[in-house]
Every structure is written in structure tokens, then in C-alpha cells.
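What follows is a single structure, written as C-alpha cells, with notes after it.
Coordinate-derived values only; no laboratory data. Since the model is a prediction, treat every value here as computed from it, not as a measurement. A quick note on method: Cβ atoms are made from the backbone with ideal geometry, for glycine too, and the neighbour counts reach across all protein chains shown.
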Amino acid sequence: MDFDLNDEQQMFRRIVREFCESELKPHAHDIDENGALHWPAIRKMRDLGLLSMQVPEAYGGAELDTLSASIAVEELGRVCGSTALSISAHNGLGLGPIVRWGSPEQKARFIPTLTDGEHLGALALTEPQAGSDLLNGAKTYAVRDGDAWVVNGNKAWITNPKYAPVIVVLLRTDRDAGSRGFSMMLVETDRPGLTIHPPEKKMGLKGSPTQMLTFENVRVPLDNLLGPEGDGFKQTMQTLDSGRISIGALSVGLAQGAFEEMVRYAKDRHAFGEPIANKQAIQWMIANAAVEIEAARTLVYKAAWTKDAGRDFTKIASIAKLKASEVAEKVCHDAIQIHGSYGYSREYPVERMYRDQRLMTIGEGTSEIQRMVIARKVLAGE
Ligand SMILES: Cc1cc2nc3c(=O)[nH]c(=O)nc-3n(C[C@H](O)[C@H](O)[C@H](O)COP(=O)(O)OP(=O)(O)OC[C@H]3O[C@@H](n4cnc5c(N)ncnc54)[C@H](O)[C@@H]3O)c2cc1C
């Protein structure tokens, strides 16, 4: 299972797995049924470094390499998709841009609250009319007015706002400047004029809140700009490259969880006088799942390793995310098939895993967008 992991990474995986087995797995069903994260487990994640995975130690973070962070998200995904998505978004989307582009003052102001075990971070890119095509479709804008930016517009499908003290928001700051017309801004969620709407009713990942935001003349101090004005689109693309490794890891985790359930059930369930695991049709589904999960995991780890090595990882991140999300879809599908009617029941975890995995080919760039990114890179000879 362990793709050339060093001792520290292997030990980290064991610790996170034990935590997930004891603190998260027993609650995964209720998290889905009740549509709410299990905060006692999230609070405990603080001491494991899971709430500050790639935050520098200087800011109290765990300063993990990307491979270790991927392992953590994979392990969370193996037991609970909702928690894994919220923790992945918190680390990669909420904290990631602050760690990367925040001024020392912004880091000192926001990181301690975001990592205190009582809050989660969020990144707002998507709008009701634009997800894949932010460049042409995103409308939410900010204009300067004295000592503040004034923000108006809507964001949609944002993970974690209800738990976020501050949200990183992509805004148009110059409507005539194309891709140079966007900036990232830190918007505190208690600012007058910002409405955080109730969580969407979703197919899966029900414990992870997905919410719409409305900005009506929200005044944001000028120094809440995150990084240079005009860099927002570039920052978004770079953040998504990293996020795709994390969604790939989450997909591998979901596939692994479903795989373990399918193997267990195939050994227990009898038909025609023997365990169904003795039937070749079942064995082939199990074998295919084993092969595909191994391939997906290897790609995700390679993407993480490429990022940690400081190389261009855009293509490999898209390849890993595309492959892993499609593997999760197939493995979770087959896990239900092997369970027969029981797989269709909410009493068995594979039903939840199947619903949870469905986002993975959509969020942080759909499979079509991943293929577009990969093809562009290939055609450019990269
Ligand atoms: C549970 C959940 C959590 C989310 N969390 C966040 C979050 O935290 N922050 C955030 O900003 N967003 C978030 N999103 C939004 C998500 O990232 C977008 O939904 C996603 O990027 C797709 O955008 P869209 O829904 O607008 O689809 P569209 O862009 O409208 O795409 C619709 C279809 O057209 C296809 N398509 C679009 N362009 C092309 C093309 N050029 N070639 C071929 N096909 C194309 C797409 O692949 C898709 O099949 C979340 C969504 C969900 C469901």
C-alpha cells in the first residue's frame, strides 16, 4: 500500500487511521443522516495537525509536505466523505491562499482563529452563473471607496461558510482587464451586508455545508486584499492545482473505503451454497477495483511528490484528480453491485460512499475541464 513513504509518513498514516477509526467512522452515518459535522472529532484534529496541515510551524501549523497532507485527506475520505471534504477545503482552499499570499499581519490576524478547532476556512470562487468559466462568467466585484473596497454580487456552492470567521473571495476589481482584472480578498463573515444562506440540500456529502453568499455593499478594508491587486485569477488557478491533488486523495480514500466494504461483504454473503467471493464475476470486480485504486493512489502520490519537489505539477494534478475521481465512481458503483439490495439501503455505508463520491468528478474542476487542462499541456509539448 505504501508508495515509497518514509518512516515519518508511514507513522503519520497509522496515527491518522487510528484516529479516523475511533473518532470518525462511528459517526459517519449520523453525519450524513443529520447533515452536520461531528465537532468533537474536528476539535481533536487540532492536536494531530489536521487543521493546519500546510501552515508553517512559525504560525503554529503542522507544516506537512503535500504527500503527508494527501495521506491525511485519503484516510479521512476512507471513513467519512463529508468530513474529508470540509477538512480538505479548510486546509487547501481556506488556509492555502492565506499561507501563500498573506502578509505577515494577515497571517497573524487570521491563522490562529482558523486553526483553533472551532472554525473552518473557505474559498469562494464559483457563482450561480459561472463555475468552469470564471474568467468570462464571474461577476461579483469590488470597487474602491475611500478606505475600503465595496463588494457586490453572489457566490454559490461554497464549502464551509457557516463555520468560517473569514472567507477568501475572488472578486473582479477591474472589469476591463480580463484575467488581470481579478483579485483575492479576505472578507470577515460578520461584515454588514454579507448574507450566508442556509446549506444546500445535496445528494451526498451532507455533513459538509455548501452555501450561497450574497454581498450587498459589503465594506472591506483596503488592506484585506490578499496578494497583489490583479493577481486573483492566477492565484485561483494555482490554488486549484493544489486542491486537485487533495480531491484526488479524497477520491482514493472513498474508493478504498468502498473496496474494503465490498471485500468484507463478498466473503460473508452466501449464494448458491458458497460465499459470493468464490464467484469469478465478483472476483473480477474486486480485482479491477484493486488495480484501479492502486493506479489512482500512485498518481495522487506522484502529483504530491511533484509539487513537493518544486516542479510544475499542473498536468499531473489534473491527471491524478481525473483518474482518482473516475476510479471512485466505478469502485463505489461496484461495491453497491456486490452488496445487491443491501447496497441500496442507507443502513450500509456503500450507499453513502456512492453519493459522496459523485462530487469528485465535478468539484475543483469537472472531468471535462481536467481533460481540457491535460490536452492543452500535452499539445503544448509539456
Ligand atoms: C458540494 C460542492 C462543494 C463545492 N465547494 C466549492 C467551494 O468551496 N468553492 C467554490 O468556489 N466552489 C465550490 N463548488 C463549485 C464547483 O467547484 C463547481 O460546481 C464546478 O467548478 C463546476 O462549475 P458549474 O457547476 O458552474 O458547472 P459549469 O461550469 O456550468 O459546467 C456545466 C457542464 O458543462 C461542462 N463544461 C463547461 N465548460 C466546458 C468546456 N470548456 N468544455 C467541455 N465541457 C465544459 C462541465 O464540465 C459540466 O459538465 C462546490 C460544488 C459542490 C457541488
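When each of the peptides 336-347, 190-201 is scored by the mean number of other C-beta atoms lying within 10 Å of its residues, the order from highest to lowest reads 336-347, 190-201. The ranking of Trp101, Trp39 from fewest to most other beta carbons within 10 Å of each one's beta carbon is Trp39, Trp101. Of Lys139/Lys377; Lys44/Lys206; Lys139/Lys162; Lys162/Lys206, which ones are farther than 18 Å apart at the Cα? The pairs that break the limit, which is 18 Å between Cα atoms, are Lys139/Lys377; Lys44/Lys206; Lys139/Lys162. Considering only Cα atoms, the convex hull volume of the chain works out to 135 Å³ per residue.
Using R₀ = 22 Å, calculate the FRET efficiency as 1/(1 + (r/R₀)^6) where r is the Cβ-Cβ separation of Asp7 and Glu294; round to 0.05. Efficiency at R0 = 22 Å is approximately 0.50. Taking the Cα centre of the range 70-141 as origin and assigning +1 to Lys and Arg Cβ atoms and -1 to Asp and Glu Cβ atoms, the resulting dipole is close to 140 debye. Based on Cα contacts under 8 Å between residues 6+ apart, the range 7-114 shows a relative contact order of 27 percent. The packing ranking, built from the mean of other Cβ atoms within 10 Å per residue, places the peptides 84-94, 269-279 in the order 84-94, 269-279, highest first.
Please give me the summed charge of the neighbours of Arg191: other residues whose Cβ is under 11 Å from its Cβ, Lys and Arg +1, Asp and Glu -1.
Combined, the nearby Lys, Arg, Asp and Glu give -2.
Take the Cα of Thr189, go 7 Å toward its beta carbon, and the backbone nitrogen atoms of the range 94-121 under 14 Å from that spot belong to 94-95, 113-121. Per-residue ellipticity at 222 nm from helix content only, as computed over the chain with -39500 (n - 2.57) for each DSSP H run of at least four residues, stands at -16000 deg cm²/dmol.
How would you order 202-208, 158-164 from highest to lowest mean count of nearby Cβ atoms within 10 Å?
Final packing ranking: 158-164, 202-208.
The P(r) of the range 1-121 has a tail past 23 Å containing 28 percent of all C-alpha pairs.
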